[in-house]
Each structure stands twice: as C-alpha cells, then as structure tokens.
Amino acid sequence: MKKLALILVLLCWGFLAFAAADFPRLGDPNSPASTHLSPYFIEKAYEDTATPNIVTAVLADYRSYDTMFETTVVFAAGVACFLLLRFYHFSEPPSHLYRHKPSGTVIQVPRGYRLKGEHTELEPIDRDWAPKDPIVEVASRILIPFIQIFALYVVVHGHHSPGGGFQGGVILGASLVLLAISRDLRTAQATLGESKNSILSALGVLIYVGVGAVTLALGSNFLDYAALAGLMGVDQVIARNLGILFVEVGVAVAVMATMFLIYRNVASAGALDEGL
Amino acid sequence: MVVELDMVILTLVMICAVGAIWVKDLLGAAILFGAYSFMLCLLWAIMGAVDVAFTEASVGAGVSTVFMVAAVFRTSRRTKD
Amino acid sequence: MDDLLSKIAGGYNYIAYITIMMIGLYAVIAKRNLVKKIIGMSIFQTAIILFYISIGAKKGATIPILMHDHGPEAAEHAIKAADYINPLPHVLMLTAIVVAVATLGVALSLAVKVYQRYGTLEEPEIQDQINKS
C-alpha cells in the first residue's frame, strides 16, 4: 500500500513538474494573472471607496457577495461541530469532585450526597489530576485585555493597515480560547455562555446579510453600499467606506463566536465540562 | 523579494511538512504543523502578501494548532505510523 | 532536453510547491491514522494557497496598501498598477485560510466522534470492528 502510494505520488509529481515548466517566473510583472483584472482594482480602489488597503476594498466591496458566503461557510462549520459533538448529561456522575482553593486539596463526594451550605472556597472540578498554575493564570489575566483591544484595533483599522474582520475575529476568539485554557472552560462559560455564543455566531452573518438587505430596500443592488449615502448623509465614496466597516464588524463577530464554538466542543468532546 | 531567503524558508517548510507526517507522536505532529504554518506565514510576508501572512499567523499558527492539540487531548496520542 | 531542464530549474518555487502538495497527498493516501490524514489534507490545502499567492507576486512592487496624501498634493500621486502587488489572489486566499480552519474543526470533530465510538484512530482497527459487528 505504501509503495503503491509512493509510486502514485511520484508519478503525479512528475506530471505536475512537467506542466509547471511553462508557468510564468516568480515575480513576473507581465504574468496573465496580473494583467487583466487587477490593474483596475489597484487604480480605482481608492477613488471608488477611499480605502488605501486594496485587499480590504476588494474583499468587502467588489467581492462582497463572495465574502458573505465565506462567512456563512464558517458559521455552518461551527453549527456542524456543535451538532456532531454536543451531548447533554441526563444522569448524575458516580461522584463529584471539589477542590479547596487555598490548599489545593481535592474532596470527593459520592453520588447521592451533597455539600451542606455555601462554600466559596470550594470549586467543582471534573478530574482530580487537573493541574492549577497561578503563574499561567495571572499572566493570562493581564494579557487577555490587551489582546482584545488589539483585536478591535485590527478590525476597525483594516482600511489603512493589514487586518480586517477575519483576522480581528480570529484574534478575539483566540483571547477567549486563552481564557479557557489558562483557567478552565467553566470560567469561559461564565464569560460567554453557550446560547449567547451561538446567537453571536448567527448575529454576525445577520449583520452582513442585513447590510445587503438595507441596500436592496433602498432600491439599489444587493450589497451596493453607495445606496447608504442618502441614509447616512454622506457622499457615495464615504458611504462605501463605511459599508465596508459594517460588514467587517459582522464578519468579526461571526468568526469570533464560531472559533470559540468549535474550540469548546472539540476541547471538551461535547460535554462542556472543564475542557483542556 | 529576496530569492535566497525564499529558498531557505521553502526548504524549512518542506522539512516541517515531512516532520509533521513522520513523527509517531500526534502531539509532536500538531506542534510541527504549527511550525509549518508559521514558516508559511514568513514566506507570504516575503512575497508581500501582508494580509494573508497576518491571517496565517493568527489562524494557522494560533487557532488551528490549539484545535489540533485539543483533538489529540480528547483522543489518543500514540499512532502506529 | 537541456532547455526543459533549465525551464524547470527556473521555476524552482513551483517545484517546491508541488513537492509540498505531494507530501500532503502521500499522507492522505498512505497514513493509517485519522489525525495524520487531516494534517496531510491541511498541508495539501496550504500548498495550493502558496501557489496562488506566488502568482500575484511582482518584482519591484510594494505591498498592496496605497501610499496616499490628503489635501492638494493628493492629485500628484498617480497610482500605477505596476507599483503594487496583485491584490486579487490575496483576497481569494485570505478567506480560504479562514474557511480551512473552520473545516479543520469539523474534521477534528469527526475524528473525536470516531474515537468515542470505536476507541481508536487507526483505520485497520476501525475496519476490523466494523467487519466483526
């Protein structure tokens, strides 16, 4: 099997290398890919949308219909993870474990028994070997707000620098994942509950489609942001600039929520207990 | 764009790719795959695709490695090939 | 023959991308472990993304973010397409990377589900269990 695979792969390599001999050289300014459509985007993007970052302008304005469905695919992937893995406990586990926070001692309470009264120093855990590291916890607690502010900067400054909705959304999601790794998934659950997370994930796509629906209602083409000019009292170029910002925010919300939805389901295998 | 730097990083990318499918420890494979993604990010920065490099740095080297480690944690770490 | 060889050597980058792609294809075909197959699939994907980005590169051009002035001097800067790298492949591949990580999440969820059901990620062992039942 392995030999057959190796022969097949080498044969395929030979054919592709033979085909690649006629490709234009790396960095050729006259290659077919760079001569037909892209000069228009490079020369007109700033005139049309007042957005210096051409990639953002093409992503969210000229090709916004494409980006809308990419966002939908990300959302659908999150829903697929949820449907594949999530399950609900209907029976009580054989015993409950609690950790005494100051000393680190773990207490086991068998099924059918409960702790009397309120215990603020005891926290419920799922496995007795779950380690606890104050250095990681404190370092992450200091780091997370800065990561989130940077993510918001990336989203709103995507017009002038590398960045935009996808990158900012992923960084925001990564900050939540960092919270879930450094403490446990329950802490992250308290920050962003499961139903809220799912609603945010759908809301991002809704913002994107909503902007398109508004332009449609104003009598223009779907996702033609120039139609928003009358609504916001600005000229058409600035309206397209702001339209890009709106859909970027939608993309960021959808991607952030979906990344965390996938993480929480994979890391806890659908139980949404302690996670990693 | 510097051709020599491009070649060196392409070689590193290939080494990381072979390593990621060679090692018998899935956690090691996940980490090598993260290194592979980061090398690709450098390659794209050299080619001037800053947005793509940024996306790959946050997505490929960050979130997808975490997903991979989470999945390995929830399944088995050993593999026969 | 020499002509063909020099042509292939000039496109060294394409040879490298094809090699990376074939490493991924080999992992998908020959490896028996499901997580290894998923890693191979991701390597295959990134090789294609690498190819797309490389066809947008231009010698002597800068990154596709315009240098712009405000006020009366703004008109003096005429934007020439040859000065900026082709942004179109970047746009296509930027979304592809994010979709790739989302589909990676789905693939890993499937792997976790298979492990929950069969207790192993090795393909022959899963096949044995299916044949027995």
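Out of C:21, C:93, report the one residue that is out of contact with any strand residue (DSSP E or B) (no Cβ under 8 Å at 6 or more places or on another chain), within 30 Å of residue A:47 (Cα to Cα), modelled with pLDDT of 85 or more and assigned to a helix (DSSP H, G or I). One residue alone meets the criteria, C:93.
Determine whether residue C:111 is more than 15 Å from the chain's Cα centre (by Cα), facing another protein chain (nearest Cβ under 7 Å), over 30 Å from residue A:14 (Cβ atoms) and not charged (D, E, K, R).
Numbers: more than 15 Å from the chain's Cα centre (by Cα): yes; facing another protein chain (nearest Cβ under 7 Å): yes; over 30 Å from residue A:14 (Cβ atoms): yes; not charged (D, E, K, R): yes.
When the stated conditions are applied, residue C:111 passes them.
Here's the yes/no breakdown for (1) of a type outside the set (D, E, K, R); (2) touching a helix residue (DSSP H, G or I) at 6+ places or on another chain (Cβ under 6 Å); (3) more than 7 Å from chain C (Cβ to nearest Cβ):
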| position | (1), (2), (3) |
| --- | --- |
| B:38 | yes, yes, yes |
| B:57 | yes, yes, yes |
| B:71 | yes, yes, no |
| B:74 | no, yes, no |
| B:80 | no, no, no |
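Among the residues examined, residue A:57 qualifies as more than 7 Å from chain C (Cβ to nearest Cβ), surrounded by 17 or more Cβ atoms within 10 Å (Cβ to Cβ) and part of a helix (DSSP H, G or I). Exactly one residue out of A:4, A:85, A:11 is modelled with pLDDT of 85 or more and facing chain C (nearest Cβ under 7 Å): that is A:85. Of the residues making up the stretch A:18-51, those that are assigned to a helix (DSSP H, G or I) and either of a type in the set (Val, Ile, Thr) or more than 30 Å from residue C:64 (Cα to Cα) (or both) number 3. Only one entry in B:66, B:52 is buried (at least 21 other Cβ atoms within 10 Å of the Cβ), at pLDDT 90 or above and more than 7 Å from chain C (Cβ to nearest Cβ), namely B:66. Taken as a whole, the condition of being touching a Phe, Trp or Tyr at 6+ places or on another chain (Cβ under 7 Å), touching a residue at least 60 places away in the same chain (Cβ under 8 Å), of a type outside the set (Asp, Glu) and at the interface with chain A (Cβ under 9 Å from one of its Cβ atoms) does not apply to residue C:92.
Would you say residue B:59 is touching a strand residue (DSSP E or B) at 6+ places or on another chain (Cβ under 9 Å) and farther than 18 Å from residue C:40 by Cβ? Taking the combined requirement at face value, the residue does not satisfy it. Of all residues in the stretch C:116-131, none are at the interface with chain A (Cβ under 10 Å from one of its Cβ atoms) and either hydroxyl-bearing (Ser, Thr, Tyr) or touching a Gly at 6+ places or on another chain (Cβ under 7 Å) (or both).
Every residue, every condition in (1) at pLDDT 85 or above; (2) within 30 Å of residue C:127 (Cα to Cα); (3) at the interface with chain A (Cβ under 7 Å from one of its Cβ atoms), yes or no:
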{"position": "C:4", "(1), (2), (3)": "no, no, yes"}
{"position": "C:34", "(1), (2), (3)": "yes, yes, no"}
{"position": "C:41", "(1), (2), (3)": "yes, yes, no"}
{"position": "C:49", "(1), (2), (3)": "yes, no, no"}
{"position": "C:54", "(1), (2), (3)": "yes, no, yes"}
{"position": "C:68", "(1), (2), (3)": "no, no, yes"}
{"position": "C:72", "(1), (2), (3)": "no, no, no"}
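Per the conditions (1) within 13 Å of chain B (Cβ to nearest Cβ); (2) under 30 Å from residue A:70 (Cβ atoms), the sole criterion not satisfied by residue A:182 is (2).
The values are calculated or read from the model by the stated rules, or taken from the named source; none is laboratory data. Since the structure is predicted, the reported quantities are computational estimates derived from the model, not experimental observations. Don't worry about glycine lacking a Cβ; one is built from the backbone with ideal geometry, like all the others, and counts go over all protein chains shown.
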